[in-house]
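Here the structure is laid out as structure tokens; the discussion comes afterwards.
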Amino acid sequence: MSGREHRGTIFVDDGEVVSQEQFDGEQFVTRIRAAQTARHAIPGSFAHITCDDAIPMRRPLSIMRAHADEGWIEVLYKIVGTGLRHLSQRRPGDTLSVLGPIGKPFTPHPTRPKALLIGGGVGIPPMIFLAEVHRHDPHSAWEPLVLMGSEIPFPFACVPSKIDVAGVGAPATHAMRFLEEFGIASRLSSASGIAGCFDGYVTQLAAQWLEALPAAQLAQVCIYACGPTPMLEACARVAQRFDVPCQVSLEEYMACAVGGCAGCTVPVYDGDEVAMKRVCVDGPVFDASAVFPAPG
């Protein structure tokens, strides 16, 4: 996709901080009033946000939720560096510039409604957005299961789940409260001994669930994932093992975030051919097999 194709689809909002909520591990959920970005945001897109007037470089943050009518977006981030520390210090009423929404989104598979959404760390936001949007689609046969992994406390309330998930037993008993209240099945994973979580990597939990599915149900599965690169590669290997399609949202450092600097390019494979693609506008969502082709 060329930069020319993005003209008229990326907007600049004079954003206003609505709320700032802090969680353990220097994690924050910030709600920003940014009407045009909120109106056009779709799961998998992100916003390029000015953290402080004294810091010229924006920071790309995945959109976790968006409310088109009320004109706000929510982003989740963990403090890494000066920019995000400044963003964490912004207070309700403060203004900041929001460029968005940017990027190629997730595309629900029309014949595979059994959606396995896998989020790791700050890769959790697009999974929440994806699950929530399709919950509101009356024409969708969407059956999501959201699996989230973290090695630090989760940046949301965790509650014992009342939604049964076949193939996922104890100790994976807890869920994200927000999704639980919406009737969306979710489970948590951590190798840090967090109560109510599967003890191990989130991809191991995903494989356990897939292993338990009958063949007819497995044929309806599509995986959607966002998180650190090693986790995404593990998701691709799980998808290859069970022969199910998989889409991944890549995390890369970005300068311009609109395709001009080409600083976020990654190799994408098509058979024996390889092309360098920009994560910001050609992605961030790619077919997993094109980014992490099967070994050998």
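None of the figures in this text is laboratory data; all of them are computed from the coordinates on show. A quick note: this is a predicted structure, and the numbers were derived from the prediction, not measured. Backbone-built Cβ (ideal geometry, glycine too); neighbour counts: all protein chains shown.
For Lys277, the lysines whose Cα comes closer than 16 Å to its Cα, not counting residues fewer than 8 places off in the same chain, are Lys104. In the chain, taking the dipole from charged Cβ atoms about the Cα centre, the farthest positive-side position among Gly81, Thr30, Met231 is held by Thr30. With the helix formula -39500 (n - 2.57) applied to DSSP H stretches of n ≥ 4, the chain reaches a computed 222 nm mean residue ellipticity of -5500 deg cm²/dmol. Exposure proxy for Cys235, Cys197, Cys158: other Cβ atoms within 10 Å of each Cβ, ordered fewest to most, give Cys158, Cys197, Cys235. DSSP assigns beta bridges within the chain; of those with both partners inside it, close to 65 percent run antiparallel. Going from the residue with the fewest nearby Cβ atoms within 10 Å to the one with the most, Phe182, Phe106, Phe292 rank Phe182, Phe292, Phe106. Considering only Ala175, Ala212, Ala236, the mean-square fluctuation computed in a Gaussian network model of the chain, springs between alpha carbons under 10 angstrom, is largest for Ala212. Counting every pair of alpha carbons in region 114-291, the share spaced more than 31 Å apart comes to 16 percent. For Cα pairs less than 8 Å apart in space and 6+ apart in sequence, what is the mean separation divided by the residue count of region 3-102, i.e. the relative contact order in percent? Taking the mean separation of contacting Cα pairs over the length of region 3-102, I get 39 percent. Of the residues Ser186, Ser161, Ser249, the one that moves most in a GNM of the chain with alpha-carbon contacts below 10 Å is Ser161.
Rounded to the nearest 20, the Cβ-based charge dipole of region 3-102 about its Cα centre (Lys and Arg +1, Asp and Glu -1) stands at 280 debye. Given +1 at the Cβ of Lys and Arg, -1 at the Cβ of Asp and Glu and no other charges, the dipole of the chain around its Cα centre is 140 debye to the nearest 20.
Take the chain and mark each of the trypsin sites (Lys or Arg not before Pro) that is in a DSSP loop with at most 12 other Cβ atoms within 10 Å; the longest unmarked stretch, sites excluded, is 8-161. Residue order for Asp94, Asp53, fewest other beta carbons within 10 angstrom first, comes to Asp53, Asp94. GNM on the chain, alpha-carbon springs under 10 angstrom: the most fluctuating residue among Ala216, Ala262, Ala207 is Ala216.
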